[in-house]
Amino acid sequence: MMLVPGGHTLIGSEEGLTQEQPTFWIAIKPFRIDTHPVTVAEFRQFVAASGYRTEAERFGDAGVFNEQTRQWTLVKGANWQYPRGPDQPKAPDNHPVTQVSWNDAQAYARWAGKRLPTELEWEHAARNGRNDRAIYPFGNELVVNNRPMANTWNGKFPEYNQNTDGFLHTSPVGHFGKTPLGLTDMSGNVWQWCDNWRFNYGDLKAGQSLPTSGQEKAMRGGSFLCEPGWCHGYRVSGRSFSSPETALMHVGFRCVKDV
């Protein structure tokens, strides 16, 4: 885990989507955050120690993007070990675990003696604990000296993917390097569950607290399915949401711990 220094961060972007506005200042206390998303190998340790069964395993299916039909579908037998279904390759140990719901992520975090970050903590860490105003955690360019800086969709989604970053799906954690704070995979690869329910920035700017109930949990970081014309979610300010029981092939998580 890396220490994220406390400080003040301007959350959101006035150039972003409506859900990223209005911007507002927040004070964040220091905390520790996983250097990378929880891997398949790490999740396997949790399952072996606890006997836990994910919601996708209990439901019998999970969400998979079909590249032929260009649609999302529920695939029987898709789970954290076989995120695209039992007839597709097994998830490599050093890739982020996916097909885990928010509830699954919570269970892992409790077992590990950690917790999920709030969106505010996640964005503070993505802004390197010092309110960096770059588009991405590593700067303003997605490609530097012909080197991709993140695992994203390279083309027009969903029509074609040129795969210039070398990965059609997930990539090994840390493959694309570290942010100035020392974190990896804060942009692209997989969306990451956050602790809080969906909320409007205007409410917090008006002095309200994070909601204690809702229908959707927040996700941050974007994924290998994101591209600017469709979903520029791998920007620091990018946001997404889904119901807490949902499991998808491009969603994982990382944990934090109080100092």
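The values are calculated or read from the model by the stated rules, or taken from the named source; none is laboratory data. In this text the structure is predicted, and so the values were computed from the model without any measurement. Here Cβ is always computed from backbone atoms with ideal geometry, including for glycine, and neighbour counts include all displayed protein chains. Quick note on the areas: whole protein, heavy atoms, side chains included, nothing else; ligands and nucleic acids left out. Shrake-Rupley method; radii C 1.70, N 1.55, O 1.52, S 1.80 Å.
The mean sequence separation of alpha-carbon pairs under 8 Å and at least six residues apart, normalised by the residue count of the chain, gives a relative contact order of 26 percent. Counting Lys and Arg as +1 and Asp and Glu as -1 over every other residue whose Cβ lies under 10 Å from the Cβ of residue 56, the net charge comes to -3.
Placing unit charges on the Cβ atoms of the charged side chains and taking the dipole of the chain about its Cα centre, the candidate lying farthest along the positive direction among 89, 199, 116 is 116. I'd like the carbon and sulfur percentage of the solvent accessible area for the stretch 154-237, probe radius 1.4 Å, heavy atoms only, ligands and nucleic acids excluded. Carbon plus sulfur share of accessible area: 47 percent. Considered as an equivalent ellipsoid built on the Cα gyration tensor, the chain has semi-axes of 26, 22, 18 Å, the largest given first. For the stretch 33-108, GluC sites (Glu not before Pro) are listed when DSSP marks them as loop and at most 16 other Cβ atoms sit within 10 Å of their Cβ; the list is 67. Straight Cα distances below 27 angstrom link residue 205 to the lysines 29, 217, 257, with same-chain residues fewer than 8 positions distant left out. Each of the peptides 110-119, 20-29 was scored by the mean count of other Cβ atoms within 10 Å over its residues; in descending order, highest first, they stand as 110-119, 20-29.
With all protein chains present, how much of the accessible area of the stretch 15-91 (probe radius 1.4 Å) comes from carbon and sulfur, to the nearest whole percent? Of all accessible area on the stretch 15-91, carbon and sulfur atoms account for 50 percent. Under the classification rounded if a/c is under 1.5, otherwise prolate if a/b is larger than b/c and oblate if not, where does the stretch 1-100 fall, given a ≥ b ≥ c as square roots of the Cα gyration tensor eigenvalues? Oblate, since a/c reaches 1.5 and b/c is not below a/b. With all protein chains kept in place, the per residue accessible area of the chain amounts to 45 square angstrom at a probe of 1.4 angstrom. Here the sum of -39500 (n - 2.57) over DSSP H runs of 4 or more residues, divided by the residues of the chain, equals -4000 deg cm²/dmol at 222 nm, to the nearest 500.
For the stretch 9-152, the relative contact order works out to 20 percent when only alpha carbon pairs closer than 8 Å and six or more residues apart are counted. Separation of the stretch 1-66 from the stretch 122-163 is 17 Å, based on Cα centroids. Check the cysteines of the chain one by one and keep only those with no other cysteine Cβ under 4.7 Å from their own. Result for the chain is 194, 255, no neighbouring Cys Cβ within the cutoff. Since only 107, 247, 211 are under comparison, the one whose Cα sits farthest along the positive direction of the charge dipole of the chain, derived from C-beta charges on Lys, Arg, Asp and Glu, is 107. Full extension of the segment from residue 35 to residue 230, taken as 0.36 nm per residue of separation minus the current Cα-Cα distance, would add 67.4 nm.
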